[in-house]
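J.: Okay, here's the structure, questions in a sec.
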């Protein structure tokens, strides 16, 4: 054998010659067959090393992509493309498992020419992918359509046929013990995949699984970070509302804005205190009780309910209506809104209690010691927004079993100053018609409480001493109302007739006379008749028509006609005992006020 033959073979190997070039050397030198075989072995080894270097370079590039982790979709596309190139196949693709939907979906494909194939969607357990997902092991087949080792599906087989695929290699994407997807390499002609090719595709699948898991973790971290940031922002927003002393309406608006729904704040009896966003309805009492017992929000058919409570005390509830699902963070935010609502209500209650105490102290000092330091009382009133030098009527609100504090709160809108004094609800209100206002207050509070409320008025008066006197007048008026059986009504002394005239500190005689006898005074003045003179004579004669006619020197029929007219002017009950007494008292006062003009109409 020519000694140059090994040298020539080595040179060819160094130059990357293929087996055909090496074979020509043996044709020229038949005795070099042994050297040729050795050269072929060396060539195959070199090709294997180069292929391995290429594969390792691809794996390193993939690892670098993962380290940089651009868009996860781009990383997966790169992995699928490298699988197709390294294994020299016609098509490579990746499917992902949707366990919730019970299907496997095509995610990425490289080399596909079919419109049908990229739309493949198969049930779990179907096809080569189903077998690989169940066993968590690679599987290869030289002829997909004739292979009976896995479950075929007509839609999947149609897609494979439309793509023209024959040989397939499938390896699992695993995270821990869970198969999350399958990576495929496929040829359109029969082919046996080698163990090295299976190992290479498995390595790429491992990288793909890492890419997907990293993307999932990053998405969770991002979502968690956004959730924490959103929760912190919402918390700061709610706390700012508390610090600014806002009301429950502001809380409802803030939470409705954050949770993109409707918020309603309700009292224990279902009354709505505040609302924002989508319409809400009063909550089911059982849901409120469940939330109160657990201290957590409760889901209902219409949304969520959370009890508003301060310790064991139930203050009401807050309702969330939303068309979207509520995450754990959103649920905690909703529950925090209930806590903030309770805090605002307790702060408001404390502030109201403190203000009630201040107003109550002023009211007590005003009504018990008005002469002690009037200017100081007036100044204290100014600080509470009440001008005690202006004219105010004083009202006493009387009820049986109703809480006086609740009654005072309900009556407050009618008053410039209200409070509890001597176990009674007392109001000061600016009005020139105290009787009418007393009646209105009695009616409103009676409807609110659902039982009779009696309201007595005194005044109006101005200045601490006179306001205290008006209070005592209201006390006498209340006593008279209750004794006369007029519980559930409202009045001042003016509405009590002659009883008010007797009990009042400053009786309005002229007003009483006109209120009682005004119609007959007007009739006499307009027609020149003598109804007043006839009425006086009638009472003076003991209500005897014959004696009356003799006193005023007219016919008995004339007396009868005049009395009939008086009855029409004063009302059919004018001769009832109480009315008769009032009429006689008015006539007597008229005589006392106008002794020289017995028949003159009183001025008003």
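The values are calculated or read from the model by the stated rules, or taken from the named source; none is laboratory data. Remember, predicted model here, so these are calculated numbers, not experimental data. Using ideal geometry, Cβ is built from the backbone for each residue, glycine included, and neighbour counts are taken over all protein chains shown.
J.: Counting only residues that are in contact with a strand residue (DSSP E or B) (Cβ under 6 Å, 6 or more places away or on another chain), at pLDDT below 90 and over 19 Å from residue 81 (Cα atoms), give me the strands (runs of 3 or more DSSP E) lying completely in segment 133-200 with at least 1 of them.
T.: 178-187
Here is a yes/no grid of residues against (1) under 16 Å from residue 492 (Cα atoms); (2) assigned to a helix (DSSP H, G or I):
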position	(1), (2)
376	no, yes
386	no, no
401	no, no
412	no, yes
419	no, no
426	yes, no
431	yes, no
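J.: Considering only segment 248-270, I want to know if a residue exists there that is exposed (fewer than 12 other Cβ atoms within 10 Å of the Cβ), modelled with pLDDT of 60 or more and outside any helix (DSSP H, G or I).
T.: Within segment 248-270, one or more residues are exposed (fewer than 12 other Cβ atoms within 10 Å of the Cβ), modelled with pLDDT of 60 or more and outside any helix (DSSP H, G or I).
J.: Looking only at strands (runs of 3 or more DSSP E) that fall completely inside segment 277-323, which ones have 1 or more residues that are modelled with pLDDT under 85, in contact with a helix residue (DSSP H, G or I) (Cβ under 8 Å, 6 or more places away or on another chain) and closer than 13 Å to residue 341 by Cβ?
T.: In segment 277-323, 303-310, 313-321 are the strands (runs of 3 or more DSSP E) which contain 1 or more residues that are modelled with pLDDT under 85, in contact with a helix residue (DSSP H, G or I) (Cβ under 8 Å, 6 or more places away or on another chain) and closer than 13 Å to residue 341 by Cβ.
J.: How many residues are closer than 27 Å to residue 196 by Cα and either surrounded by fewer than 19 Cβ atoms within 10 Å (Cβ to Cβ) or at pLDDT 90 or above (or both) when one looks only at segment 86-105?
T.: 9
J.: Which strands (runs of 3 or more DSSP E) sit wholly inside segment 80-131 and have at least 1 residues that are without any contact (Cβ under 8 Å) to a residue 12 or more places away in the chain?
T.: 91-98
J.: Residue by residue through segment 484-514, note down the ones that are surrounded by fewer than 19 Cβ atoms within 10 Å (Cβ to Cβ) and either within 16 Å of residue 591 (Cα to Cα) or modelled with pLDDT of 75 or more (or both).
T.: Of everything in segment 484-514, those that are surrounded by fewer than 19 Cβ atoms within 10 Å (Cβ to Cβ) and either within 16 Å of residue 591 (Cα to Cα) or modelled with pLDDT of 75 or more (or both) turn out to be 485, 486, 487, 488, 508, 509, 510, 511.
J.: Which ones in segment 432-455 are crowded, with 18+ Cβ neighbours inside 10 Å and touching a strand residue (DSSP E or B) at 6+ places or on another chain (Cβ under 8 Å)?
T.: Those that are crowded, with 18+ Cβ neighbours inside 10 Å and touching a strand residue (DSSP E or B) at 6+ places or on another chain (Cβ under 8 Å): 434, 435, 437, 438, 439, 441, 442, 445, 453, 454, 455.
J.: Residue check: is residue 452 assigned to a loop (DSSP other than H, G, I, E, B), in contact with a helix residue (DSSP H, G or I) (Cβ under 7 Å, 6 or more places away or on another chain), at negative phi and modelled with pLDDT of 85 or more?
T.: yes
J.: Among (1) assigned by TED's automatic domain parsing to the domain that holds residue 465; (2) modelled with pLDDT under 85; (3) touching a helix residue (DSSP H, G or I) at 6+ places or on another chain (Cβ under 6 Å), where does residue 393 come up short?
T.: Status for residue 393: all satisfied but (2).
J.: Sticking with this structure for a sec: I need every pair where a residue in segment 334-361 that is modelled with pLDDT under 70 has its Cβ under 8 Å from the Cβ of a residue that is in a helix (DSSP H, G or I), sequence separation at least 6 or different chains.
T.: That search, which allows pairs on different chains as well, returns 347/242; 352/409; 356/405; 356/408.
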